[in-house]
Amino acid sequence: MDYQVGQVGRVVVARFNGGEEVLGNLREVARKEDIKAAVVYLVGGMQRGRIVVGPEKDELPPVPIWREVAESNEVVGIGTVFWEGDEPKIHFHGAFGKRDEVKVGCLREDSEAFLVLEAVMVEVKGVKAVREFDPAVGLSLLKLK
């Protein structure tokens with residue numbers, strides 16, 4: 001395990017209205033505010049998204065199992081922001097539920113808020129971390145510098 005110790009920087013609180021794209025807007029906040037490392041918390045509603053709920057088999061590179069969030073769902077989750085090159089990347093895992101059905105997974109595509117979705121982005125200062133593509137895994141992974 002590698003680790004570094006940092007400090008809490010700025011805190012951004014955002015409200016998404018229904019229909020607003022989630023991951024892209026979080027990236028835009030990180031870009032606009034020049035936030036290089038952060039933790040992101042989400043709570044509220046989401047009506048659209050594509051999540052990965054695990055690999056098909058426990059082998060590398062993993063073949064993802066995709067699921068759709070295709071209607072209004074309650075969502076709660078946590079993610080991180082680290083940059084890959086000139087772009088902030090969001091790695092977000094959450095629970096998405098409606099009625100008695102709950103999916104837990106990694107939100108990757110086509111995310112859209114439902115009614116109200118709240119985000120809190122907590123900047124982490126003093127760490128040197130980036131995302132770098134790992135061809136063996138087929139994913140952009142966290143790298144501490």
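The values are calculated or read from the model by the stated rules, or taken from the named source; none is laboratory data. A quick note: this is a predicted structure, and the numbers were derived from the prediction, not measured. Ideal geometry is used to build each Cβ from the backbone, glycine not excepted, and the neighbour counts take in all protein chains shown. To get the accessible areas, we keep the full protein, side chains included, count just its heavy atoms, and leave off ligands, DNA and RNA. Shrake-Rupley method; radii C 1.70, N 1.55, O 1.52, S 1.80 Å.
Some observations on this one:
- In the stretch 9-18, the qualifying residues are those that are touching a strand residue (DSSP E or B) at 6+ places or on another chain (Cβ under 6 Å) and not charged (D, E, K, R), and the one that is least open to solvent (accessible area, probe 1.4 Å) is PHE16.
- Of the criteria (1) surrounded by 18 or more Cβ atoms within 10 Å (Cβ to Cβ); (2) over 22 Å from ALA30 (Cβ atoms), which one VAL124 fails: (2)
- Looking across the stretch 96-108, the residues that are open to solvent by 70 Å² or more (accessible area, probe 1.4 Å) and either closer than 25 Å to LYS145 by Cα or not in a loop (DSSP other than H, G, I, E, B) (or both) come down to GLU101, VAL102, VAL104, ARG108.
- Residues of the stretch 62-86 that turn out to be over 13 Å from the mean Cα position of the chain (by Cα) and either loosely packed, with under 14 Cβ neighbours inside 10 Å or within 22 Å of ARG99 (Cα to Cα) (or both), as a count: 13
- Number of residues in the stretch 65-95 that are among the acidic types (Asp, Glu), assigned to a loop (DSSP other than H, G, I, E, B) and in contact (Cβ under 8 Å) with a residue 40 or more places away in the chain equals 0.
- Some residue of the stretch 20-29 being within 20 Å of LEU142 (Cα to Cα) and either assigned to a strand (DSSP E or B) or at pLDDT below 95 (or both): no
- Condition met for GLY6 (touching a residue at least 40 places away in the same chain (Cβ under 8 Å), in contact with a Gly (Cβ under 6 Å, 6 or more places away or on another chain) and small (Gly, Ala, Ser)): yes
- When residues of the stretch 37-61 are limited to those that are without any contact (Cβ under 8 Å) to a residue 60 or more places away in the chain and closer than 20 Å to ARG131 by Cβ, the one surrounded by the fewest Cβ atoms within 10 Å (Cβ to Cβ): PRO55
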